[in-house]
Number of protein chains: 2
Amino acid sequence: MNVIAGNERTKSRSGGKVGNVWLRPSKGNKGEPPLTRARIVKAAVALLDDEGMDRLTMRRLAERLQVGTTTLYWHVATKDDVVDLAVDAIFGETQVPDQHTESAREDIAALVGDWRNAMLRHPWAATVPARQRPLMGPNFLAWMEFLQTALVRAGLTGKQLNAATWALYNHVMGATATQSSLQLSAEETRLGQEYLENRREHYPTVAANNYIADHDWDANFRLGLDFLLDGIEAASRR
Amino acid sequence: MNVIAGNERTKSRSGGKVGNVWLRPSKGNKGEPPLTRARIVKAAVALLDDEGMDRLTMRRLAERLQVGTTTLYWHVATKDDVVDLAVDAIFGETQVPDQHTESAREDIAALVGDWRNAMLRHPWAATVPARQRPLMGPNFLAWMEFLQTALVRAGLTGKQLNAATWALYNHVMGATATQSSLQLSAEETRLGQEYLENRREHYPTVAANNYIADHDWDANFRLGLDFLLDGIEAASRR
DNA sequence: CCGTCACCGGAACAACGTTCTAGACACCCG
DNA sequence: CGGGTGTCTAGAACGTTGTTCCGGTGACGG
């Protein structure tokens, strides 16, 4: 949003094409920096943060960039490209340390925790595993590299290494997706609890410690991560 | 698919409205059973299995049912409803045993394994965690009930119980989603490997045991599940 | 001066989810 | 028997989406 924004009908203001030289930028652009892939991705992330995945639209994205809709297609082949790039940008937010501490387990826990925080800042990014496209962005690969080297340092190799990698990946993605999908309003929570209560006879255990009201996501994540890391540690000793 | 299907231009065949009484069903319907929610869900599952999530369309679904598109909206409020129902139907495919064996761990492993098989039969169902709607269908709740009672039998309570529940849930969903998102064609696999190889200096560990060519999903799932169950078992003994 | 190239964007298309509205049929109450 | 009510069906249409077609504009090199 710059100064002119907010007034949508400025077409014939200040009369046609002449205007004031000083107000007219020299190079033919509109005073905006030239459109680049980077600017598109940045705007896409902002839009996704503000309004969520189903409000990301090529038209809305273009509007936010003060640019014609179809112009985007010069820099990007499809909308999926935009999303792929946006997701990889989120991976870039977690600072991957360039050296390890003495405890591989703590390295892993810290890396995974950072990543979870980044995902919680951008919940739409957790919908990625659902999209049927493999992740191959540079930021993702850098993250993967650090995770795997930490796992190697922890003593894992071969199939166990791969299994541990994906298990940790799935834990972060799943936990984030679950958390944001159960971020219900007070009214929805009440209705859900009532619904569960009415079926208590069929689902006594589920109703007893009901998953709809339990919102201690930090504990769920940390304890689940502990399960995994305990199991991984035990396996690496075998 | 019934007998008439496959020929799309039968409009004026056998002349207009009269026809043969015996071929004309008595009650004004088209010889099809009346449209019900159950039939809609069944057709939706079949359509999703055949063509995937992004090909599920109200129009295509109606066509498959030999029904007007808008008719669906009498039985169902939105398309999301259809998907929710379809997903719950998949949970219904895993037979939930009505009693437990002597080993809680084996109960859990069997239940989770069955569930994974159902998900692999219907990979689109693994995209659920990404949709921002809580699962509350009867089949899902029945499944959850058995899982949680098994975990209780294994000695878990309170926060650990919830954490274990979600960890196992996320493992199945994540593993399935990851597996089907990396189901690449031979050409794509080759390109991906080449891409990784060219960046080997940046991501040596990732490139070494590269995740694009490794397709031993059964091992990944089972080993990851072992990590989790080991950790859970250890926690329950504390 | 003239083309070529990088970049921009209006108009249009097919497809989507959904609503509006009207029709067909069964059944009940008189 | 007859008219109204409720259940179910569906055509037409609206607004929105991703994407393509095609025609621009300005800078730059020959």
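Odds and ends about this structure:
- Comparing A:Ala126, A:Ser103, A:Ala175 along the charge dipole axis of chain A, the residue lying farthest to the positive side is A:Ala126, per the Cβ-charge model.
- Simple label model, 7 Å out from Cα along Cβ direction - B:Thr69 to B:Lys42, nm: 2.5 nm
- Straight-distance candidates among the aspartates and glutamates for linking to B:Lys159, with alpha-carbon spacing under 14 Å and chain neighbours fewer than 8 residues away dropped: A:Asp214, A:Asp216, A:Asp218, A:Asp226.
- DSSP-loop GluC sites (Glu not before Pro) across segment A:60-168, with at most 13 other Cβ within 10 angstrom: A:Glu102
- Going from the fewest other Cβ atoms within 10 Å to the most, the residues A:Ser103, B:Ser181 appear in the order A:Ser103, B:Ser181.
- Within a Gaussian network of chain A (alpha carbon springs, distance under 10 Å), most fluctuating of A:Gly158, A:Gly68, A:Gly224: A:Gly158
- 10 Å Cβ neighbours from other chains, averaged over peptide A:225-236: 6
- Relative to the dominant Cα principal axis of chain A, helix A:138-153 is inclined by about 20°.
- For the segment A:190-202, counting C-beta atoms of other chains within 10 Å of every residue's C-beta and taking the mean gives 1.
- At q = 0.05, 0.06, 0.09 Å⁻¹ the log10 of I(q)/I(0) for the protein assembly as shown amounts to -0.25, -0.35, -0.73, computed by Debye summation with a single uniform scatterer per C-alpha, solvent ignored.
- Taking the Cα centre of the protein assembly as shown as reference, the dipole from Cβ charges on Lys and Arg (+1) and Asp and Glu (-1) amounts to some 2600 debye.
- Least to most buried among B:Arg39, B:Arg238, A:Arg131 (fewest other Cβ within 10 Å first): B:Arg238, B:Arg39, A:Arg131
Laboratory data are not the source of any read-out in this text; all were calculated from the coordinates shown. Please read all numbers here as calculations on a predicted model, not as lab measurements. So basically every Cβ, Gly included, is an ideal-geometry build from the backbone, and we count neighbours across all protein chains shown.
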